[in-house]
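FYI, it's all coordinate maths here, none of it is from the lab. Quick caveat, the model's predicted, so the values are computed rather than measured. For neighbour counting, all protein chains shown are included, and Cβ atoms are generated from backbone atoms with ideal geometry for every residue, glycine included.
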Amino acid sequence: MKPASSILIKQVQSKSVLELQKIAKETFFETYASENTKEDMDAYLAKNFNTEHLQRSIINPDSFYYFAMNHQEVIGYLKVNQGSAQTDNKLPDALEIERIYILSKFQRKGVGKLLLKKAVEKAQSFNIKTLWLSVWDKNQKAIYFYKNQGFKAFDNQFYWVGTDKQTDVLMKLELDF
Ligand SMILES: CC(C)(COP(=O)(O)OP(=O)(O)OC[C@H]1O[C@@H](n2cnc3c(N)ncnc32)[C@H](O)[C@@H]1OP(=O)(O)O)[C@@H](O)C(=O)NCCC(=O)NCCS
């Protein structure tokens with residue numbers, strides 16, 4: 001499967017909150033469990049991926065979730081934020097990519113590029129010319145992906161996973177439209 005020809009990108013509605021919770025927990029676990037304690041992982045998952053929190057953010061008018069679907073299976077997701085829904089206000093007029101996660105068995109098949117394209121389209125629809133994101137400095141795979149797609153580092157910040165204070169790299173992409 002390359003390019004990702006059978007993949008459909010679909011906006012997530014409230015009724016799909018349990019599917020969103022499943023893909024969010026599974027991909028977060030796959031990505032970070034080997035480098036974080038079970039306690040820190042459990043604390044993060046409980047705080048950030050409980051159904052009430054997810055439901056609230058699905059209906060937030062400034063946040064948008066998308067599933068990457070392979071036929072009927074959810075294989076990844078994207079969350080973008082604008083305005084006050086952004087997790088940081090360093091770039092108040094930008095669009096934040098808060099989450100972009102694909103199940104490991106579907107990585108390196110172009111699905112990340114498709115989700116990023118959706119984020120670019122969303123930014124264009126709001127006439128927003130900058131995309132930004134925050135990535136753990138130990139997550140080299142993701143940093144390679146972002147650099148390959150034209151993102152450049154512009155700052156650092158701390159990020160908590162449970163009790164573990166981690167350093168994130170902030171990256172941005174100026175859109176040319
Ligand atoms: C990062 C992620 C979203 C990228 O999505 P993807 O579907 O795997 O990436 P794509 O197939 O679209 O890759 C596009 C290009 O980016 C680069 N790239 C992607 N993953 C890479 C990796 N692991 N190492 C080096 N380059 C990589 C390559 O140049 C690739 O093109 P190529 O495969 O033709 O060489 C995905 O790997 C993922 O979900 N990772 C785990 C979750 C995560 O870390 N999310 C980001 C949190 S900030």
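Once you compute Rg and the Kirkwood Rh from C-alpha atoms, what is the Rg to Rh ratio for the range 7-128? My calculation of the ratio gives 0.95.
A simple spin-label model places pseudo-atoms 7 Å from Cα toward Cβ; at Glu121 and Lys22 they are separated by 2.5 nm. Sorting Val169, Val80 by the number of Cβ atoms found within 10 Å of their own Cβ, with the fewest placed first, yields Val169, Val80.
Extension gain for Lys105-Asp176 works out to 22.3 nm (0.36 nm per residue, less the C-alpha to C-alpha distance).
Express as a percent, rounded to the nearest 5, the fraction of DSSP beta bridges in the chain (both residues included) that run antiparallel. Intermediate values should be presented prior to the final figure.
Details: 36 of 38 bridges.
Close to 95 percent.
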